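The values are calculated or read from the model by the stated rules, or taken from the named source; none is laboratory data. No experiment lies behind these values; they were computed from the predicted model shown. Because the Cβ atoms are built from the backbone with ideal geometry, glycine has one as well, and the counts that use them run over all protein chains shown. Surface areas here come from the heavy atoms of the whole protein model, side chains and all, with no ligands, DNA or RNA. Shrake-Rupley method; radii C 1.70, N 1.55, O 1.52, S 1.80 Å.
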Amino acid sequence: MKNDEDKGDGSIALCASCDRCRARKTRCDGKRPCGNCASKYMKKNKLKSIEGIDISCFECVYSPAKRRGPVPGKMGQVRKAPEPMHDSSSYNNVVASTVNGNAAAAAAAVFGGGIGGAVPGLDGGFVGASADEQQQQLLALQQRQMMLAAAGTGNANLLGLGGALGAATGEVPSMFENAAGLTQQQQAIQQQLNYLQQLHAQQQLSAIQTTSGGSAEPMDTSTTTLSSSSSQPQSQKLQTERSSKMQRNASPVSAAAELEDKKAITVQKNLPLLSLDSTYGNRLRSYYHLSVDELFGLPHIPSDEDYVKSLNGAGGGMTAKTLSQSHKSALQAAQFAEIALGALVHNEVSLAMELSNASVSRLKQCIVMEGANRKFLFEVARAYFLLGCFRAFRGDMERYLKYRRVCMQHLSQIEDSESDEGPQLLVAAISYLDCWSYMVHNADEKKLPSIDDSIPRLEDGISGQTSSAAEKEYGVCFATNKIVSDPKNQNWMQGAPPIFLNNEAPLNARSLDALSFAFRSCCDQANGRFEQMAEAVAAEQGNGDAASAQAASGGGDVSSSQEITATTSAVMAHENELCSRNMVLSAFTLLQQYESATTMPNKNQGLHLIISAMDAFLENGEEDESGGFTDSQIQSLLSVCNTTIENPFLLHHGGPTYHMISNAAILLCHLLNGMHAMRASPNGAGSSSDDGDHAMEVAVFEEVYDTFISVRKLLNIHRRKLPVKLRCHGIPRPSMDGTVAPDKPFIDLGETLMCGCRGCQGFVLMACSPCVAAERARSANRKREIEVNREGGEDQVELDKELNYLEAEFDLDDDALLNMLSRIISN
């Protein structure tokens, strides 16, 4: 061994490990050569044995040991110092007592005989001692250690000098041996103190567990090392882990706090995206403005400085630095919801969920007190509305309705102001988004999820509040806080359009509200036509009861006894002013006035697209040779589809815009089928001798065909991204055979996977007899069920498993926020 060879004369003490093992921080066996150096040499020279090889070839060198502490030759004495503490009998008593959870008995087994009188107060150990007495004994031991440490500090230089003299002369003077002995005694005291502290901590843990109803966890004696001063940090780490585990098991609140910390980390991670200097954040914000906000036109979310200026104008007296946490959270919640919608539009679903959850986390910190500032209330209301949009896009109707009602709860506290158009724009946006819900549920309020128990309805604030002649005539209130508290508007906007009728409202908000009312009126008319079709089918089959009519018209979606809606009642009372056709014309006039009055270079493509689509749907002109479509209808349909091709983000409007574009594509199918049938007939345009007319019709057919192919591709891509219940028609391909028989349609609409909304089904079933329409409606129901089952298949579930886990986790946060709001609103 190395030490035997080098310590023969006692002149030089070498390190316990060779230089190579020390550099690589690997365990060295201390041999000459060591195992690591021998293995390296054999591997390098491809040898199997090292016999007969000179030791210098291995380059296994042991450097002289530095003098850090006791003299290496005296290490045996240091190890022998604590041996009387744990002889075989006393140490076995320690193990047995500790395993049984009796820390006091373990202490008595070790320290029953004291420590040679060096430590007062431990003659009897911890047996029978109270907690105060045990603490006093620990303090006495610590004081003894401090005294020895002070003495050891004064002798530190002596030890260093003694080591130097020992290296030079080969022996250590007695005065330096006394100093080394003092250090050994200090180390022994430190070891005893460490072990006492472990036992004391174990006793405290046992008391805590007994109090909480648990059982004391036995100490693992395999981790206790009495011969090393590093045992204290190790024991503290073990103690901390056990305490944390016990607290997590004993208190669910700690687990919830840990989850909140995780959510806070998510918020902090995405917080830089809110900065205007963030390139990626600005990109997500652009997606939002090009899609959702392109139609709604809500006010820009202010920065902290701009927000403070608006508050100071209202007597706030704040600065950006003194802005309260509630105000900052409201602004950040709206910003997070804004870019969450942008991420969803860009099909970054996981990021969108994180940002939406960040918005929810910020809204939890918004404390809305009675009499709060209108700017603050509007930002909170906007954040809840955008969260509702996000939930609507995900097909979550229940949470959409809850967020919508909470948004209206905050709007009900805001008084209208001529200088602030935000609340009226927000109400118009709610009205248009409600059209989607109105259409999906076929205007049947009974099919909506019930949320009245969790988020109560707003108190009626409209009864007896009408003042102007127009309000009395139409039975509405123009004030924003009265509109949202109207009983008929609690689940979706109904009745006469209040924003449109208010001449003081913003022009773009009035135009959007007029289009929303026209769309609801068209849905009511489509529902009426389906009821008539159901009755006709039942009469033809000889059964006039409601059940037969319901089954004949395609399943449970058709009801033969639907009540007249508030929208239909308003149209019937003011048919000349509120009929769908006049409302679309009024919306177009208001949009023109808005564009002429504003200096912003905004094209308002969304509003123009909706107006063109509604104009084509409501056209009642004379039929001509082109298959029953007028020239203005064809132009409007091509305008809708071309605008969508130029700006596909318009498909992501909040509301029924996507369904309008799908129905415009269906009308192009009817147009292509009509033109094909006329060209193929013996007396049609294809046999005309007028080459000029024939060339023009061929050009029109090709233009319509190219437009249809392009918009169909966009619609199919968008359709695949949506939940099944939000999807509109699955439009079939044109015939791939170049020679289509004259009696066959160019595009077989019988293969269409129809939307579940009656209003959309009516576009596919144009010119069909009631029996054929009923059969196609039944076939569409079966196809939708197949599609739902296919989307929920194992392969798709496995593909979206991680996304579903993420969504389920974030849904818990939404429910927690909504439950908190429910309690606040109820009280």
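Can we say Arg758 is at pLDDT below 85 and more than 33 Å from the chain's Cα centre (by Cα)?
In short, no.
Condition (residue is modelled with pLDDT under 75 and among the small types (Gly, Ala, Ser)) applied to the range 726-746: is it met by at least one residue?
Within the range 726-746, one or more residues are modelled with pLDDT under 75 and among the small types (Gly, Ala, Ser).
Report yes if Leu818 is at pLDDT below 75 and part of a helix (DSSP H, G or I), otherwise no.
So Leu818 fails the test.
May I ask you to list pairs of residues, at least six apart or on different chains, whose Cβ atoms are under 8 Å apart, with the first in the range 577-601 being β-branched (Val, Ile, Thr) and the second being open to solvent by 10 Å² or more (accessible area, probe 1.4 Å)?
Close Cβ pairs (under 8 Å, with a partner that is open to solvent by 10 Å² or more (accessible area, probe 1.4 Å)) amount to Val584/Ile611; Val584/Asp615; Val584/Leu618.
Go through Cys477, Cys407, Cys435 for me and flag whichever is surrounded by 21 or more Cβ atoms within 10 Å (Cβ to Cβ) and in a loop (DSSP other than H, G, I, E, B).
Just one listed residue meets the conditions, Cys477.
Considering each of Lys375, Lys446 in turn, give the residue that is free of Cβ contacts under 8 Å to residues at least 12 places away in the same chain, at negative phi and not in a loop (DSSP other than H, G, I, E, B). Step through it out loud before you land on a result.
On the way: Lys375 fails: free of Cβ contacts under 8 Å to residues at least 12 places away in the same chain.
Only one candidate qualifies: Lys446.
Evaluate the following for Ser626: is it assigned to a helix (DSSP H, G or I), among the small types (Gly, Ala, Ser) and either open to solvent by 10 Å² or more (accessible area, probe 1.4 Å) or at pLDDT below 90 (or both)? Steps first, answer last, please.
Details: assigned to a helix (DSSP H, G or I): no; among the small types (Gly, Ala, Ser): yes; either open to solvent by 10 Å² or more (accessible area, probe 1.4 Å) or at pLDDT below 90 (or both): yes.
When the stated conditions are applied, Ser626 does not pass them.
Hey, among Leu799, Leu812, Leu753, which residue is hydrophobic (A, V, I, L, M, F, W, C) and at pLDDT below 75?
Unique residue meeting the criteria: Leu799.
Need pairs with beta-carbon distance below 8 Å; first residue on the phi > 0 side of the Ramachandran plot and among the charged types (D, E, K, R) and within the range 779-795, second at pLDDT below 75 and part of a helix (DSSP H, G or I); sequence gap 6+ or separate chains.
none
Being in contact with a Ser or Thr (Cβ under 8 Å, 6 or more places away or on another chain) and of a type in the set (Ser, Thr, Tyr): is that true of Tyr438 here?
no
Only one of Leu344, Leu351, Leu425 is open to solvent by less than 20 Å² (accessible area, probe 1.4 Å) and not in a loop (DSSP other than H, G, I, E, B); which?
Testing whether each residue is open to solvent by less than 20 Å² (accessible area, probe 1.4 Å) and not in a loop (DSSP other than H, G, I, E, B) leaves just Leu425.
Checking the condition open to solvent by less than 80 Å² (accessible area, probe 1.4 Å) and touching a strand residue (DSSP E or B) at 6+ places or on another chain (Cβ under 6 Å), which residue from Gly756, Gly730 passes?
Gly730
For the range 771-796, what are the residues that are more than 19 Å from Arg719 (Cα to Cα) and modelled with pLDDT of 75 or more?
Cys771, Val772, Ala773, Ala774, Glu775, Arg776, Ala777, Arg778, Ser779
Only one residue in Leu298, Leu386 is within 30 Å of Pro648 (Cα to Cα) and open to solvent by 10 Å² or more (accessible area, probe 1.4 Å), so which one is that?
Only one candidate passes the filter, namely Leu298.
Suppose we filter Lys744, Lys725 for residues that are assigned to a helix (DSSP H, G or I) and not hydrophobic (A, V, I, L, M, F, W, C); which single one remains?
Lys725
Write out, first by first residue and then by second, each pair whose Cβ atoms fall under 7 Å of each other, whose residues are 6+ apart or on separate chains, and whose first residue, in the range 339-358, is within 19 Å of Glu809 (Cα to Cα) while the second is surrounded by 24 or more Cβ atoms within 10 Å (Cβ to Cβ) and of a type in the set (S, T, N, Q).
Pairs that qualify, where the first residue is within 19 Å of Glu809 (Cα to Cα) and the partner is surrounded by 24 or more Cβ atoms within 10 Å (Cβ to Cβ) and of a type in the set (S, T, N, Q), are Ala340/Ser356; Ala340/Ser359.
Checking Gly395 against (1) in contact with a Pro (Cβ under 6 Å, 6 or more places away or on another chain); (2) part of a loop (DSSP other than H, G, I, E, B); (3) closer than 25 Å to Asn503 by Cα, which test does it fail?
Tallying (1) in contact with a Pro (Cβ under 6 Å, 6 or more places away or on another chain); (2) part of a loop (DSSP other than H, G, I, E, B); (3) closer than 25 Å to Asn503 by Cα, Gly395 fails exactly one: (3).
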